[in-house]
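Student: Have a look at this one before I ask anything.
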Amino acid sequence: MIYAANWKMNGSTKFVNSILSEIKQSIAPHIPLGSKIILCPPSIYSSAAVMFCKNMPVEIGAQDCSSHKDGAYTGEISADMLSDVGLEWVILGHSERRQYHNENNPLLFEKLLLAQTAGLKVIFCIGETHQQYLNGTTKEVLMQQLSILCTPDLIDLDYIIAYEPIWAIGTGVVPEFQKIEIIHQFIKSHVSEKTNRNCDIHVLYGGSVNPENANQLKSLSDVDGVLVGGASLDPEKFKQICL
Ligand code: 13P
């Protein structure tokens, strides 16, 4: 099982120190062999998190990277830089980036290529709006979002996919478990058909994961882990989700 935490734009030095200490003391030592925790703090705190989590079964990721390799792009952080400071992962395609920063397939493709070159593993987020869900076009939307991942240019990219229905993010609403199972199966069969990757396609579920629904989500056979937003900022809740 993979337990990924997306802290989004939350926290402070004090918060980061305290939550990392909690994770070190009461979560990481109890994570079953074969499971892993991936923490994605805001980039400014990621170096400190890398240092803190050395020798722990915890990997650190970024929430985004630039679509440019380097150069005059004020405020941007490159995939190479993330890798340089010891990060292993980057989240790409999160719906908040797609929505607030107009990230689309061509731009995300550039980011995926740069992540691949930098040796970063990617958590690639996909998901439909509530309207698309109601219209029954979820699979079409997901196929369109997945199309860039399935190109031969990304043959060497190490990635996992996170299915995050946009309408489930931060709302407390989660799709019916059976629907999640069907969508995860669809994602796996679609990607394996398009890429010839077979058993190594892992799909996380994200969107209002909390201690009350985590066990049921984790018990679904095609859910390989969870991507947790709000509840990952509360060490007690994150612990209950992970253990
Ligand atoms: P919430 O868990 O707060 O719904 O956020 C999910 C998410 O967007 C994780 O990337």
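The values are calculated or read from the model by the stated rules, or taken from the named source; none is laboratory data. It should be emphasised that the depicted structure is a prediction, and the values quoted were computed from it without experimental measurement. Positions of Cβ are backbone-derived with ideal geometry, glycine not excepted, and every protein chain shown enters the neighbour counts.
Student: Would you be able to say whether some residue in the range 25-38 is under 14 Å from the mean Cα position of the chain (by Cα) and under 16 Å from Leu82 (Cα atoms)?
Tutor: yes
Student: Please work out which residue is surrounded by the most Cβ atoms within 10 Å (Cβ to Cβ), limiting yourself to the range 96-112 and to residues that are in a loop (DSSP other than H, G, I, E, B) and within 16 Å of the ligand (Cβ to nearest atom).
Tutor: The extreme case among them is Glu103.
Student: May I ask you to list pairs of residues, at least six apart or on different chains, whose Cβ atoms are under 6 Å apart, with the first in the range 215-238 being on the phi < 0 side of the Ramachandran plot and the second being within 10 Å of the ligand (Cβ to nearest atom) and of a type in the set (Ser, Thr, Tyr)?
Tutor: Leu217/Tyr205; Val223/Tyr205; Val226/Tyr205; Phe238/Ser232
Student: On to the next question. Return a yes/no flag: does the range 73-89 have any residue that is under 18 Å from Asn17 (Cβ atoms), part of a strand (DSSP E or B) and either at pLDDT 95 or above or among the aromatic types (Phe, Trp, Tyr) (or both).
Tutor: no
Student: Moving on. Output the residues belonging to the range 4-46 that are touching a Leu at 6+ places or on another chain (Cβ under 8 Å), over 11 Å from Leu233 (Cβ atoms), in contact (Cβ under 8 Å) with a residue 40 or more places away in the chain and more than 15 Å from the ligand (Cβ to nearest atom).
Tutor: Selection gives Ile23, Ile27, His30, Ile31, Ser46.
Student: Could you identify the single residue in Gly93, Gly119, Gly127 that is within 16 Å of the ligand (Cβ to nearest atom), farther than 19 Å from Pro42 by Cβ and in contact (Cβ under 8 Å) with a residue 12 or more places away in the chain?
Tutor: Going through Gly93, Gly119, Gly127 in turn, the sole match is Gly127.
Student: Within the set of pairs 6 or more residues apart or between chains, which connect a residue that is within 13 Å of Tyr205 (Cβ to Cβ) and within 16 Å of the ligand (Cβ to nearest atom) inside the range 163-186 to a residue that is of a type in the set (Asp, Glu) and in a helix (DSSP H, G or I) with Cβ atoms less than 9 Å apart?
Tutor: If the second residue must be of a type in the set (Asp, Glu) and in a helix (DSSP H, G or I), the pairs left are Ile169/Glu96.
Student: Here is a further query. Conditions first: (1) closer than 19 Å to Glu128 by Cα; (2) in a loop (DSSP other than H, G, I, E, B). Ile187 passes all but one, so which condition is the exception?
Tutor: With respect to (1) closer than 19 Å to Glu128 by Cα; (2) in a loop (DSSP other than H, G, I, E, B), Ile187 is out only on (2).
Student: Among the listed residues Val223, Val209, identify the single one that is more than 16 Å from Leu142 (Cα to Cα) and away from the ligand (no atom under 14 Å from the Cβ).
Tutor: Val223
Student: While we're here: Given the condition within 21 Å of Gly61 (Cβ to Cβ) and at pLDDT below 95, answer yes or no: does some residue in the range 165-176 qualify?
Tutor: No, there is no match, as no residue in the range 165-176 is within 21 Å of Gly61 (Cβ to Cβ) and at pLDDT below 95.
Student: What is the one condition in (1) over 30 Å from Ser221 (Cα atoms); (2) within 17 Å of the chain's Cα centre (by Cα) that Glu110 does not satisfy?
Tutor: All conditions pass for Glu110, except number (2).
Student: In addition: Only one of these conditions is not met by Leu204: (1) within 16 Å of the ligand (Cβ to nearest atom); (2) over 23 Å from Lys111 (Cβ atoms); (3) of a type outside the set (Asp, Glu). Which number is it?
Tutor: (2)
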